[in-house]
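Structure record follows, encoded as structure tokens.
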Amino acid sequence: MTTRIAEEVADALAEGRPVVALESTLLAHGLPPGRNREVAIRLEDVVRAAGATPATIAVLAGTPTIGLSGDELDRVCAADAGLVKLSRRDLGPAFALGLDGATTVASTAALADSVGIGVFATGGVGGVHRGAQTSWDVSADLDVLATTPVLVVCSGVKSVLDIGATLELLETRSVPVLGYRADRFPAFYLRESEFDVPWRVDSPEQVAAVVAAHRARVPGTSGVLLANPVPAEHEVDRVLHDRLLDEGLDLLRRDGVHGKDVTPVLLEHFHSGSGGASLDANEALVLSNAKLAAESAVALAGLRG
Ligand code: PSU
Ligand code: MN
């Protein structure tokens, strides 16, 4: 069983041209069928327009696949796809059992790094869940950020998580957190949480300079988290957001949802309860993150000369 790398991605890597990894869980489990296929193609277009090569990552018939064809994107986005949500620990079983699966931030970043892709765009990363004091529900995304030298561009973490605890853990694990043209850490649907970002950067060149310094001159192998707030015109109304959040948390308790189902159930609640506003926000922020990731990858490639 080998890793399959799309030709255009392999060529770009061999020639040192910028590549941006994209995850498949946000397509298969974060967006509804139909819409997910449109977003998949728009993400790739945005990356290309900014001068980088997109590499959407998934596991297909047990093979890690870096860069999906149109047919493969159809397969990942199909209504009846039934793809398993694969975190990093699930990769071995999925390979061995020949499964189709969608990769989370944790597994996408790990697979990207394994083939030499150092920049990755997503929507929101997983983090410390509310009530983690008793549930121990802390996303493996944080562990991968702590151990994998990948730049992850996101719009912060959803307010369904314990944002303060998530930022504390990122500090403990020595992951630099940068706000893109922002002083506050964003909360996915909202441009600002109540928490400050440790560092602010204002251009892709600054992002690249920080990433290069972190990789070359700071001992250790942690990633870098770049937090890019949702574009202002797509931010979800705060009152609506707070209502959906309270309802969503009640729903989880009522139905006893836990583990890897928590994030998809909450996302679906937001999408159905907001009349589509949260979907528009979700699409706008991942597209904006893909663009910024591509611009940063281009700037990083420029530094390597
Ligand atoms: N946040 C979102 N949308 C998503 C996810 C996170 O706004 O679709 C997905 C990502 O793939 C992330 C995963 O890696 O959920 C985290 O899941 P968990 O909390 O079960 O680790
Ligand atoms: Mn979890």
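Computed from the coordinates by the stated procedures, all read-outs in this text should not be read as laboratory data. Please read all numbers here as calculations on a predicted model, not as lab measurements. Here Cβ is always computed from backbone atoms with ideal geometry, including for glycine, and neighbour counts include all displayed protein chains.
Across q = 0.25, 0.26 Å⁻¹, the range 62-132 modelled as identical point scatterers on its alpha-carbon atoms has Debye log10 I(q)/I(0) values of -1.31, -1.35, in the order of the q list.
Provide the percentage of antiparallel DSSP beta bridges, counting only those with both residues in the chain; round to the nearest 5. Bridges in the chain that DSSP calls antiparallel: roughly 30 percent. Magnitude of the charge dipole for the chain, about its Cα centre and with charges confined to Cβ atoms of Lys, Arg (+1) and Asp, Glu (-1), is about 580 debye.
Computed from the alpha carbon positions, the gyration tensor of the range 1-129 leads to an equivalent ellipsoid with semi-axes of 20, 17, 14 Å, biggest first.
Taking 0.36 nm per residue of sequence separation and subtracting the Cα-Cα distance, how much length would be gained by fully extending the chain between THR221 and VAL239, in nm to one decimal?
On the way: separation 18, 0.36 × 18 = 6.48 nm, distance 4.03 nm.
Gain on stretching THR221 to VAL239: 2.5 nm.
Net charge dipole, the range 101-175: roughly 140 debye, given to the nearest 20, about the Cα centre with Cβ charges of +1 for Lys and Arg and -1 for Asp and Glu.
Under the convention that each Lys and Arg Cβ holds +1 and each Asp and Glu Cβ holds -1, the size of the dipole of the range 240-298 around its Cα centre is about 120 debye. Sparse packing (at most 14 other Cβ atoms within 10 Å of the Cβ) combined with a DSSP loop state is found for the following chymotrypsin sites (Phe, Trp or Tyr not before Pro) in the range 94-183: TRP136. Here is the list for the range 149-255: trypsin sites (Lys or Arg not before Pro) lying in DSSP coil, each with at most 13 other C-beta atoms within 10 angstrom of its C-beta, are ARG181. Backbone amide hydrogens, once placed in the peptide plane, bring ALA187 within less than 5 Å of GLU192, SER193, excluding anything fewer than 5 places away on its chain.
Under the shape rule built on the C-alpha gyration tensor, where the axes satisfy a ≥ b ≥ c, the chain is rounded, since a/c falls short of 1.5. Tell me which GluC sites (Glu not before Pro) from the range 125-204 have a DSSP coil assignment and no more than 15 other beta carbons within 10 Å of their own. Sparse-neighbourhood loop GluC sites (Glu not before Pro): GLU194. Length available on full extension from ARG253 to ASP11: 0.36 nm per residue minus the Cα-Cα distance, which gives 82.3 nm. The range 35-104 and the range 235-305 have Cα centres spaced 18 Å apart.
Computed from the C-beta positions of TRP136 and ASP246, the FRET efficiency with R₀ = 22 Å rounds to 0.40. Separation of the range 180-213 and the range 106-128, taken as the distance between their Cα centroids, equals 18 angstrom. In the range 193-305, the alpha-carbon atoms span a convex hull of 141 Å³ per residue.
Can you find, among SER107, GLY223, GLY127, the residue sitting farthest towards the positive end of the charge dipole of the chain, where Lys and Arg contribute +1 and Asp and Glu -1 at Cβ? Result: GLY223.
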